[in-house]
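The values are calculated or read from the model by the stated rules, or taken from the named source; none is laboratory data. In this text, all values refer to a predicted model and were calculated from it rather than measured experimentally. Here Cβ is always computed from backbone atoms with ideal geometry, including for glycine, and neighbour counts include all displayed protein chains.
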Amino acid sequence: MVQLSDDLVTALAEEAARRGLSRSALIRQVLQDYLDAEVAGSIGRRIADGYRRIPPLVPDGWGDLGLAAEVATGDLLARLDAEEEAGGHRPW
């Protein structure tokens, strides 16, 4: 049970009619949309907080991930060059 002002009931009835819904259905829909947006916003805020706490490519307990990516890329390129040479092609 919720008490609403006369003005709010009038606005609610008009919006419900515009959308082709009952007032109850409109209230449920608006509340669900609000709660869904809050959950999505909360997830986004937690992700952003994580990036503020541990910025990307900053060495942490796992090591320097940027350097690891560079080393892995260099290794991959060296292996591709060797494969090209083995196939009789000149490497880049």
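Here residue 52 fulfils each of the conditions (1) at pLDDT 90 or above; (2) over 30 Å from the mean Cα position of the chain (by Cα); (3) surrounded by fewer than 10 Cβ atoms within 10 Å (Cβ to Cβ) apart from (2). Selection of region 53-86 for residues being β-branched (Val, Ile, Thr) and assigned to a helix (DSSP H, G or I) yields 71, 73. Regarding residue 85, is this residue touching a Pro at 6+ places or on another chain (Cβ under 7 Å) and not hydroxyl-bearing (Ser, Thr, Tyr)? Yes. Does residue 4 satisfy the criteria of being touching a residue at least 12 places away in the same chain (Cβ under 8 Å), surrounded by 11 or more Cβ atoms within 10 Å (Cβ to Cβ) and aliphatic (A, V, I, L, M)? No: the conditions fail for residue 4.
Residues that are surrounded by 10 or more Cβ atoms within 10 Å (Cβ to Cβ) and charged (D, E, K, R) were ranked within region 15-37; the one that is farthest from residue 70 (Cα to Cα) is 23.
Restricting to region 1-29, name every residue that is in a loop (DSSP other than H, G, I, E, B) and of a type in the set (Ser, Thr, Tyr). The answer is 5, 22.
Among the listed residues 78, 69, which satisfies the condition of being at pLDDT below 90 and surrounded by 11 or more Cβ atoms within 10 Å (Cβ to Cβ)? The unique qualifying residue is 69. Among 37, 13, 25, 17, which is aliphatic (A, V, I, L, M), modelled with pLDDT under 95 and on the phi < 0 side of the Ramachandran plot? Going through 37, 13, 25, 17 in turn, just one is aliphatic (A, V, I, L, M), modelled with pLDDT under 95 and on the phi < 0 side of the Ramachandran plot: 37.
Does region 83-90 contain at least one residue that is exposed (fewer than 10 other Cβ atoms within 10 Å of the Cβ), in contact with a helix residue (DSSP H, G or I) (Cβ under 8 Å, 6 or more places away or on another chain) and not small (Gly, Ala, Ser)? Checked against the condition, which is being exposed (fewer than 10 other Cβ atoms within 10 Å of the Cβ), in contact with a helix residue (DSSP H, G or I) (Cβ under 8 Å, 6 or more places away or on another chain) and not small (Gly, Ala, Ser), region 83-90 yields at least one hit.
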